[in-house]
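A short worksheet on the structure shown next.
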Amino acid sequence: MLLNEMNPSIKALSIVVGILMLSFFFDPVTPLLSFLLTIAITFIFGKVSFKKWIFLFLPFLFMAVVYVWSALLFPRVDPGDHILWEWQFITVTEEGLERSISLGLRVLSFASLSLLFALTTNPIHFLLSLMQQCRLSPKIAYSIMAGYQFLPLMKEEMEIIRGAHRVRGAGRSHTLSDKIKQIKKYAIPLLASGIRKAERTAIAMESKGFTGEPNREFYKVIPVTKKDWLLSCMLIGVVILSVYVSFKLGHLSLYRGEL
Amino acid sequence: MKFQRNELLLQVSDLLFRFDEDQEPVLKNISFEIHENEAILVLGSSGSGKSTLAYCLNNLYPSSVDGIQSGNILFQGRDVSSFQPGELNQRIGLVMQDPDAQFCMLTVEEELAFVLENMQTPRSEMEARIHSALEYVDMIAFKHRMIHSLSGGQKQKLAIACALAMEPEVLILDEPTANLDPASGLELVRTLKELRREHSFSILIIEHNLDYWLEMVERCLILNSEGELIFDGPTRVCFTEHARLLAQEGIWLPRAVEAGLKLLEADLLNTSSLPLTIEEIIQSSCRLTDTIKFLKQDRISEKTDSPVMIYELNKISYTKNHQALLKEISLSVKAGEFLAIAGSNGSGKTTLSRCLAGLLPLSAGEIKFYGDELEQWREEEKWARLGYVFQNPEHQFVADSVLDEINYSLEASIHGTQAFEINDILKTLRMTDQLHNHPFSLSQGQKRRLSVAVMLINGQKVLIMDEPTFGQDALTAKEIMEFTVNSVPESGSIIMITHDMDLIDRYADKVMVLGEGRMLFCDSPSKLWDAPEILAESRLKLPFLREMEKMAQLCSEGLYAVK
């Protein structure tokens, strides 16, 4: 619950700091620990649906596995490396294995931190907070909001167009070039109405007295409280703790351009 | 009140506006004044520059489109371009036509807050003002709803609430009732009247549905198709003396005036001036029964019973995101029948029509189309018999020119297409000179006609239409209806969604009323007009002729005293 209510700007800042700190180190233990701790925090302090989390996490997992594989298959073998296993052109060294696992875990730890932010933050609140705490220009912020509001409309319109074309018997594309033509046929009405809508929305915003004036009175205030700083300390603390434990276990090593 | 000239608010002199140096002006020679607490109606056919005028008054044009403007627009004696950005927009409120492109926030509450924030309203007052703005339009229950999930009518109400929240001195409404069901339209007019009594502001209305506004407006402006102001004067003079001119321009007339014109021509009225209201028709009719009989001639007579069943619906339901949009609807449509689907905003009319076309999967129940289950039909064979015209004709165009568009449909059919000659089709469409133009570049009415024509070109017999006359001017609407009725074969059927009760009265053999996804009524229109409780529940109202009949009856019984 706490994470969902946390000030979005401070949350974003803490996560960026956390990721930057993690990127200084290159060993398997640091990212593994912070990855596990971040997941724990996500589900203990945030209201996140596990299904959604897994769904968004899977692509990252896939990416990590691909990294590990490619690092294993095409390793850099330095003289003096300990060879674990050798078969034809594949040589797995201890150092290589450690490097590739570090890399995979690094991807996962970054992903878990980003997901923590994405799944506990309301985008509108994030923009409001950026305006209120980070002096983001309302002109930019409200344009993004207006665009964001278009997404469900575009989806709806796409469905309508698809239906409309089905009625015309336009689903008869079998070859690739037909399919490309099909996309063009969807795209033109979508673009035409998109451009027209954007123009009208801009006029509508102006007609509602929007000027982009930076000193706005906000209906919804996104405050910064002690709790936000506490949570921020916790998020950064996760990384520090991982680094400390890894150091104590003797694994910690700085990133020295290994890849 | 009428003779007392209030303080001058807006003064327009010699306004000329064009979008581009080498283009014809959209507006020219426009001079008029708006005084405090006035209500003015702006009339003009599609494309006569009414909306452009509204944007100019608000100083949104020329700055936001790089248009070229000459002449002066003064607000309280000051040139509109000399105001601080945002200041004028707040004092001249504007509600735009397209309900989908008015908002920039996600929820109803946020959108209203956006308006108040723009005005630098103190935070402590915002909550109360959001509440009262929603109360004006009866939308409090929707405060936390996502805007994209609202129906068109609800969006329109929200847009009006946003404009009212600014407490403007002049309110400009661009077709405010186009998306509303009849009762909501009437309610809106009442609300505005009430608000004007309390807060006193001027109001400028651009509108097709004139009947709503007649009791409120005092003055009319008429723009002709060239964008010139050709009339500026009292409402009564506008309609009684210039009705023919308006009709020629394709502008909608109040229904009593329209009926009056016909009656006058048939020499059934005992005065030479046109009536503005039903009461006046009754008053000036020589013989009421003749009058009503004459007006009823227009009605398309009911067709003979045919044994062929086109549609049989058996308890169909449709659920989306755990929300039941259609609940257990059973219905049958016979060949030759014209079925109208009516109902309040958001009652599921469009959803039902999409289910009928097999575009949405049913959650329960079954639809039989020509005796076989709709889902079992092969796509090509289904579309050879069934056409569906979407609300926005642009969605249906797939080719780059009118000719290709027609050819596309011909090729799409599995049967031979030689039955139709392209030339014949174009002649009926009256588009022979537009052959190579892009469908998107056609006028509103042409787009509509083309979208209907491509649906019927392969001899389709059943046509489903989603509000085909929505937002069209009088000429275009008439064209579309005539074109459709003439093009669909006798053995076929038209199923049409509409808010227009007069259309239902005139064309429909059967009317189905939906309310919150349930079928409230399904029978002949004349039975619907005798069921006031259903009309009230589904937010519909009587068509003009029935209203007149009812009043005439009351009159003859001496229950209703005509002044």
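Some observations on this one:
- Against the empirical curve 2.2 N^0.38 Å, the C-alpha radius of gyration of the protein assembly as shown lands at a ratio of 1.14.
- Per residue, the average separation of C-alpha pairs within less than 8 Å and at least 6 apart gives the range B:466-538 a relative contact order of 21 percent.
- Averaging 1/r over every pair of different alpha carbons in the range B:446-563 and inverting the result gives a Kirkwood radius of 16.2 Å.
- Contact surface A-B: accessible area buried, both sides summed, square angstrom, 1.4 angstrom probe: 5000
- Residue-normalised accessible area of chain A, given per residue in Å² at a 1.4 Å probe: 55
- Positive-pole candidate from A:V167, A:T201, A:P138, dipole of the range A:138-207, charges at beta carbon: A:V167
- Too-long pairs where the Cα-Cα distance tops 29 Å, listed order kept, from A:K181/B:K320; A:K52/A:K179; A:K185/B:K510; A:K47/A:K155; A:K181/B:K447: A:K181/B:K320; A:K52/A:K179; A:K185/B:K510
- Translational diffusion of chain A, µm² s⁻¹ [Kirkwood Rh, Cα pairs; Stokes-Einstein; 10 °C; 1.306 mPa s]: 71
- Between the range B:515-545 and the range B:133-189, the alpha-carbon center distance in angstrom: 24
- Peptide A:158-165 is shielded by partner chain Cβ atoms: per residue, an average of 6 of them sit within 10 Å of its Cβ.
- At an R0 of 60 angstrom, the distance between the Cβ atoms of A:I44 and B:R518 translates into a FRET efficiency of 0.85.
- The helix-based estimate of mean residue ellipticity at 222 nm for the protein assembly as shown, built from -39,500 (n - 2.57) per DSSP H run of four or more residues and divided by its residue count, is -15000 deg cm²/dmol to the nearest 500.
- With Cα atoms, 0 to 90° folded angle of helix A:123-134 axis to chain A main axis: 80
- Looking at the range B:186-345, the accessible area is 47 square angstrom per residue; that uses a 1.4 Å probe and ignores ligands, DNA and RNA.
- P(r) tail, the range A:138-207: Cα-Cα pairs separated by more than 16 Å, 57% of all pairs.
- Full extension of the segment from A:E98 to A:E199, taken as 0.36 nm per residue of separation minus the current Cα-Cα distance, would add 30.9 nm.
- Top of A:L58, A:L115, A:L136 by mean-square fluctuation, Gaussian network on chain A, Cα under 10 Å: A:L58
- For the pair A:R135 and B:K193, a Förster radius of 41 Å applied to the C-beta separation gives a FRET efficiency near 0.35, rounded to the nearest 0.05.
- Protection-proxy order for peptides A:140-152, A:82-94, B:174-186, A:42-54, each taking the mean of Cβ atoms within 10 Å per residue, highest first: B:174-186, A:140-152, A:42-54, A:82-94
- Degrees separating the helix A:50-73 axis from the principal Cα axis of chain A, which is the longest one: 50
- Across the cross-link table entries A:K11/A:K139; B:K157/B:K461; A:K11/A:K197, which are compared at the Cα atoms, the separations over 28 Å belong to B:K157/B:K461; A:K11/A:K197.
- Simple spin-label estimate for A:I240 and B:Q444 gives 6.6 nm between the two label positions (7 Å along the Cα-to-Cβ direction from each Cα).
- Fraction of alpha-carbon pairs over 39 Å apart in chain B - percent: 32
- DSSP bridge orientation in chain B - percent antiparallel, rounded to nearest 5: 55
- For chain B, the relative contact order comes to 13 percent (Cα pairs under 8 Å, sequence separation of at least 6).
- Magnitude of the charge dipole for the range A:138-207, about its Cα centre and with charges confined to Cβ atoms of Lys, Arg (+1) and Asp, Glu (-1), is about 380 debye.
- A Förster radius of 45 Å, combined with the Cβ-Cβ distance separating B:D66 from B:R378, puts the computed FRET efficiency at roughly 0.30.
- Averaged over the residues of A:213-223, the number of partner chain Cβ atoms lying within 10 Å of the residue Cβ comes to 4.
- Packing-based ranking, highest mean first, of B:397-406, A:116-125 given that Cβ atoms within 10 Å are counted: B:397-406, A:116-125
- Most simply put, the range B:8-245 has about 55% antiparallel DSSP beta bridges, counting only bridges with both residues inside it.
- Counts of other chain beta carbons within 10 angstrom of each beta carbon in peptide B:82-93 average 3.
- Contact order normalised by residue count of chain A, Cα under 8 Å, 6+ apart, percent: 37
- Taking the 1.4 Å solvent-accessible surface of the protein assembly as shown as the whole, the part contributed by carbon and sulfur is 55%.
The values are calculated or read from the model by the stated rules, or taken from the named source; none is laboratory data. Every value quoted in this text rests on a predicted model; they were computed, and no experiment measured them. Here Cβ is always computed from backbone atoms with ideal geometry, including for glycine, and neighbour counts include all displayed protein chains. All accessible areas refer to the heavy atoms of the entire protein, side chains included, with ligands and DNA or RNA removed. Shrake-Rupley method; radii C 1.70, N 1.55, O 1.52, S 1.80 Å.
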